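To keep things clear, I will list the structure first and then write my remarks on it.
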Amino acid sequence: MADLRFNDEAFTMESLLFDDREVRFRAFEHRIYCADPVDPDHQELSIYVPEDYYEKGTIGKFDIHTAPIFMPNTIGGYRPGYFQKPGLDHHGRITASAIALYLGYVVVVPTARGIGLKDERGINTGVVPAALVDLKAAIRYLRHNRDVIPGDTEKIVTNGTSAGGAMSALLGCTGNHPDYEPYLREIGAADERDDVFASSCYCPITDLDHADMAYEWEFRKQPDAHTMRLSVNQEAAKENGITEEMLASLFHNGHPDFSKLPEEMRRAIVQRVPVTETMDLRQKHLSRDLAAMYPSYINSLNLRDDQGYALQMNPDGSGSFRNWIEKQVVRSMEKAVLEDADLKQYKWIDFHNDRPIGIDWDSFISFRTRMKPVPAFDKTGEPGSPENMAFGSLRIDNRHFTSFGAVHDVSGWPKAPAENVKLYNPLYYITDPRSVKAENFRIRAGAADRDTSLAVSSVLTLMLRNNGVKVDYLIPWGVPHVGDYDTGELFLWMHNLMK
Ligand code: DHB
């Protein structure tokens with residue numbers, strides 16, 4: 001049984017360089033945030049506090065009690081969230097948490113369980129809803145220790161990218177909802193609230209039970225899927241003394257996990273190769289059938305724009321919902337032009353006095369290109385997707401999470417119960433009065449990001465706005481599937497929320 005009291009006397013003094021300035025901070029690391037952890041390495045958090053709060057008392061208008069808390073998660077691909085100190089990431093870029101410290105935020109970095117984790121009995125410990133429950137338990141731990149923990153636990157801002165963006169969205173939509181209570185109790189989470197103040201979501205891979213339809217709605221006219229695969233450069237592997245056996249051990253469920261390799265080794269032997277996969281006739285039929293299901297789903301949501309006009313979808317996928325997304329794309333192009341992007345080269349963009357005013361939708365989509373073959377998320381069989389694994393059970397590695405996937409199954413996978421699928425979809429909670437929503441969201445989905453359809457982040461944005469939540473949404477031009485690329489604007493948004 002882990003002690004849930006926070007010991008504020010045990011810390012190390014550390015520093016980082018940002019903007020040629022030394023930022024000194026206290027690091028309170030590896031605190032287990034639930035009393036009965038299943039996997040203590042992935043159920044702990046670290047707290048980082050600017051030293052100026054101890055020495056000078058204030059940074060700007062904040063002091064050690066009132067500083068907002070920036071809480072990024074490191075979840076990607078529905079894999080476990082790992083420990084990451086503020087500083088440089090593994091690409092050598094300064095992390096958002098380092099900038100947050102520089103600006104006077106208290107930074108909390110929780111780890112969390114995710115796919116691929118098994119205990120000594122072979123039980124899957126990171127399946128739905130483990131990752132979200134862990135992040136909630138981390139928040140409850142902060143509140144449980146609010147008297148000794150630096151920062152204002154009523155001003156928690158979550159941040160994440162991709163699957164981590166989905167988790168950030170879930171944290172913002174499901175605050176204190178009873179659905180998660182049994183799971184929180186199971187790991188001995190503190191008996192506290194877990195709602196948050198604001199949520200920042202980069203390319204959230206979410207609404208998974210409708211993401212396949214959304215993907216085909218967008219990409220059904222694109223028969224070729226263009227992607228990069230990570231593969232091992234066999235010669236380089238040999239030169240580095242890596243045996244076939246060692247290589248085989250990197251694969252799990254048909255997927256390589258190169259994160260097990262030391263950084264230098266990974267750089268030396270892992271290469272990215274472009275692959276193109278063309279749809280066959282069966283896939284064309286799957287694509288057509290999935291795309292045909294999306295309009296009735298979209299129309300069932302009764303979405304409205306900011307003026308209150310209904311956003312709907314025609315059977316062929318056109319209509320006011322698509323026009324709304326088009327407007328977001330045009331808004332993003334306007335910003336890009338102001339920042340000197342050369343968009344005149346694209347003949348499918350309409351200009352008026354050098355200002356972009358419209359696009360030809362189909363040309364825009366073929367410019368984006370399809371990345372994932374059909375179905376994009378709920379695969380019909382081996383190898384499964386990260387999502388099939390996220391919806392696995394304690395003993396079953398892959399499960400379906402859509403009826404469509406289950407009907408077309410070729411691998412004998414069962415379907416996850418609807419109540420489990422719900423636990424990872426923020427949309428179901430937005431209209432539920434039993435969940436406390438974050439007051440503010442910031443959602444970004446790059447115009448060059450094809451890991452999910454632009455419809456997914458659009459629906460999340462619209463549903464939140466239609467339910468009274470403020471959402472800052474943008475489809476930034478030229479941005480692929482990444483996060484934390486516009487930290488200046490991210491922290492400006494946060495700064496404005498704290499006024
Ligand atoms: C991520 C990317 C995906 O394409 C996906 O399906 C799930 C997760 C990610 O980068 O986290």
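If you build the Cα gyration tensor of region 121-229 and take the root of 5 times each eigenvalue, what three semi-axes come out, in whole angstrom, biggest first?
Output for region 121-229: semi-axes of 32, 17, 12 Å.
Mean projection of the alpha-carbon convex hull of region 1-49 over all orientations, in nm²?
Averaging across all directions leaves 3.9 nm² for the Cα convex hull.
Quick check on region 173-326: take the gyration tensor over C-alpha atoms, sort the square-rooted eigenvalues as a ≥ b ≥ c, and tell me if it's rounded (a/c under 1.5), prolate or oblate.
oblate
Out of all Cα-Cα pairs in region 38-170, roughly what percent, to the nearest whole number, are more than 25 Å apart?
27 percent
Could you calculate the contour length gain from LYS118 to SER366, that is, 0.36 nm times the residue separation minus the distance between their Cα atoms, to one decimal place in nm?
85.2 nm
Step through the residues of region 217-234 one at a time and calculate ³J(HN,Hα) from phi using the Karplus curve (6.51 cos²θ - 1.76 cosθ + 1.60, θ = phi - 60°), rounding each to whole Hz and writing x for Gly and Pro.
3, 7, 10, 4, 8, 10, x, 9, 9, 10, 9, 10, 10, 7, 9, 8, 7, 4
Taking R0 as 25 Å, what's the FRET efficiency between GLU245 and ARG395 from their Cβ-Cβ distance, rounded to 0.05? Let's see the in-between values first.
Values: r = 27 Å, r/R0 = 1.07.
Efficiency, rounded to the nearest 0.05: 0.40.
With contacts defined as alpha carbon pairs under 8 Å and 6 or more residues apart, what's the relative contact order of the chain in percent? Provide the component values of the computation, followed by the final result.
Values: 1003 pairs, mean separation 82.0, N = 499.
So the answer I get is 16 percent.
Based on the Cα atoms of region 136-182, what semi-axes does the equivalent ellipsoid have, where each is the square root of 5 times one gyration tensor eigenvalue, given in whole Å with the largest first?
So the equivalent ellipsoid measures 20, 15, 8 Å along its semi-axes.
Quote to one decimal, in nm, the extra length available between ASP179 and GLU419 on full extension: 0.36 nm per residue of separation minus the C-alpha distance between them.
Here the segment from ASP179 to GLU419 would lengthen by 85.5 nm.
List the aspartates and glutamates whose Cα lies under 17 Å from the Cα of LYS347, skipping any in the same chain that are fewer than 8 positions away.
Of all the aspartates and glutamates, those that pass the test against LYS347 - Cα under 17 Å, at least 8 places apart if same chain - are GLU326, GLU334, ASP360, ASP362.
Ratio of alpha-carbon Rg to the 2.2 N^0.38 Å globular estimate for region 421-499, to two decimals, please.
In units of the globular-protein estimate, region 421-499 measures up at 1.18.
Counting other Cβ atoms within 10 Å, keep those with at most 14, restrict to DSSP loop, and tell me which trypsin sites (Lys or Arg not before Pro) in region 24-70 are left.
LYS56, LYS61
Mind sorting TYR485, TYR215, TYR429 by how few other Cβ atoms lie within 10 Å of their own Cβ, fewest first?
Working: TYR485 17, TYR215 28, TYR429 21.
The most exposed by this proxy come first: TYR485, TYR429, TYR215.
Can you find, among ASN466, PRO150, MET71, the residue farthest towards the positive end of the dipole of the chain? Put +1 on the C-beta of Lys and Arg, -1 on that of Asp and Glu.
Comparing the listed Cα positions along the dipole, ASN466 ranks first.
Compute the signed sum of charges (Lys and Arg +1, Asp and Glu -1) over the other residues within less than 15 Å, Cβ to Cβ, of PRO274.
Around PRO274, the surrounding residues sum to +3.
Cross-link candidates for LYS470: which lysines have Cα within less than 28 Å, leaving aside residues fewer than 8 places away along the same chain?
Cα-Cα hits under 28 Å: LYS61, LYS136, LYS155, LYS327, LYS335, LYS422, LYS437, LYS499.
If eta is 0.692 mPa s and T is 37 °C, what Stokes-Einstein diffusion coefficient results for region 261-404, Kirkwood Rh from Cα pairs, in µm²/s?
172 µm²/s
If you build the Cα gyration tensor of region 362-405 and take the root of 5 times each eigenvalue, what three semi-axes come out, in whole angstrom, biggest first? Let's see the in-between values first.
Values: eigenvalues 150, 17, 12 Å².
Gyration-tensor ellipsoid for region 362-405: 27, 9, 8 Å.
How much space per residue, in cubic angstrom, does the convex hull of the C-alpha atoms of the chain take up?
Once divided by residue count, the hull of the chain is 168 Å³.
Treat the count of other C-beta atoms within 10 Å as a stand-in for reagent exposure and order VAL407, VAL107 from fewest to most.
If I rank by nearby Cβ atoms, fewest first, I get VAL407, VAL107.
Quick check: pseudo-label points 7 Å beyond the Cα along Cα→Cβ at LYS327 and TYR346, how many nm apart are they?
Each label point lies 7 Å from its Cα, and together they span 1.9 nm.
Values in this text are rule-based calculations from the coordinates and carry no lab data. Please read all numbers here as calculations on a predicted model, not as lab measurements. Here Cβ is always computed from backbone atoms with ideal geometry, including for glycine, and neighbour counts include all displayed protein chains.
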